[in-house]
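Have a look at the structure below, then the notes.
The values are calculated or read from the model by the stated rules, or taken from the named source; none is laboratory data. Keep in mind it's a predicted model, so treat the numbers as computed, not measured. Because the Cβ atoms are built from the backbone with ideal geometry, glycine has one as well, and the counts that use them run over all protein chains shown. Protein only, heavy atoms only, side chains kept; ligands, DNA and RNA dropped before computing areas. Shrake-Rupley method; radii C 1.70, N 1.55, O 1.52, S 1.80 Å.
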Amino acid sequence: MALPFIEEMPKIELHCHLDGSLDLENAKELLLERGEEYSLSQLKDLMQVDLSCPNLAEYLKRFVLPNHCLQDAAGLKASAYHLAKNAANENVKYLEVRFAPTSSQDKGMKLLPIIEAVEEGLKQAREEFDIETGIILCMMRGLDDDRNLSVVKAGMELLGNGVVACDIAGDEASYPMSNHRELFRQIKKIGMPYTIHVGETGNAANIREALELGTKRLGHGIAMAKDEALMQECGRLGVGVEICPTSNLQTKAYNNISDCPIFLFKDHGIPVSLNTDNRTVSNTTLTNEFKIIDDCFGLEEELVRQIYKDSVEMSFASDEIKHTLLSKY
């Protein structure tokens, strides 16, 4: 496939973190307004990694400074707006933005106003560009169940009006999914849809736990690439996987792009979507993610259409929005 087609085609992104995807120019302005002055070169050093990144711990250091921009309504709104604007500029037609509201409480903001500020920024982008959006609220491993449930309960007030689902992210190795069974039982009762960050660190047992907890989507899911029975189970259940090639290379989930299991998963009937994970931290775009997969494996147009369709179907968008998105490709 020629690169110009990849640039021009409509795209769907389902796994994109707000704090990992700040626009550098806007972040520079926001930080200066908050008393922190950096050059763009300094911000790149502090907020981005490349393929020489040694491990996940080093990767996670790049989230410290962006969080300074997300402690008030103005910063949250502007950051969300610029993320959606940048996505729309590369023909992303639907973007699910995920973030952890609890990480924006350093200066005392309440959860609901935090979520509302992000939705205000996304709404502005929807009005100005050809893009639809949804918010996925991240609970965090390491927080107690009550704190995590407070995020979901606050988000329920905007479910269907900006918020589309929740997630749990953080240190998967230290906090296995077996720790969160009761949390997700409560979320089921509350009625919030969810995806789960799982299988990024090589632990297939966490994926099994996530399936038992009823998830319909997996964030990363790389660990099941070596588990034939688990792949067959995901294929049978139609559980989708959010693939993030560049991020997985940088965090050493695998060592070469040729190890990306996107086609292995598809061969097992598993729906897949292609995503950036963190546009700024990983210094990538969704166009670039398609390009590196094309360069390594080769992409036929029909396959790209299928990835688009799978991404729409596994999204948390409303049926009406899904119908509109499917008509765009």
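The figures follow:
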quantity: Candidate residues Arg34, Arg147: accessible-area rank, largest first, probe 1.4 Å; calculated: Arg147, Arg34
quantity: Cβ-defined net charge surrounding Gly142, 12 Å radius [Lys, Arg +1; Asp, Glu -1]; calculated: -2
quantity: Per-residue [θ]222 nm for the chain (sum of -39500 (n - 2.57) over DSSP H runs n ≥ 4, rounded to 500); calculated: -13500 deg cm²/dmol
quantity: For the chain, Kirkwood radius (reciprocal of mean inverse C-alpha pair distance, Å); calculated: 19.7
quantity: Separation of the Arg185 and Asp227 label points, Cα + 7 Å toward Cβ, nm; calculated: 2.1
quantity: ³J(HN,Hα) computed for each position of the range 199-210 - Karplus, 6.51 cos²θ - 1.76 cosθ + 1.60, integer Hz, glycine/proline x; calculated: x, 7, 9, x, 9, 5, 4, 5, 5, 4, 4, 4
quantity: Cα centroid separation - the range 42-101 against the range 125-153, whole Å; calculated: 15
quantity: Probe 1.4 Å, protein heavy atoms only - accessible area per residue of the range 7-72 in square angstrom; calculated: 47
quantity: Cα-Cα over 29 Å, subset of Lys153/Lys309; Lys252/Lys291; Lys44/Lys77; Lys85/Lys110; Lys85/Lys328; Lys93/Lys216; calculated: Lys153/Lys309
quantity: Extension gain, Asp145 back to Arg236 (0.36 nm per residue minus Cα-Cα distance, nm); calculated: 29.7 nm
quantity: Carbon and sulfur %, accessible surface of the chain computed with the full protein complex present, 1.4 Å; calculated: 47
quantity: Rounded accessible area per residue of the range 148-205, 1.4 Å, Å²; calculated: 41
quantity: Distance between the range 163-194 and the range 254-329 - C-alpha centres, whole angstrom; calculated: 24
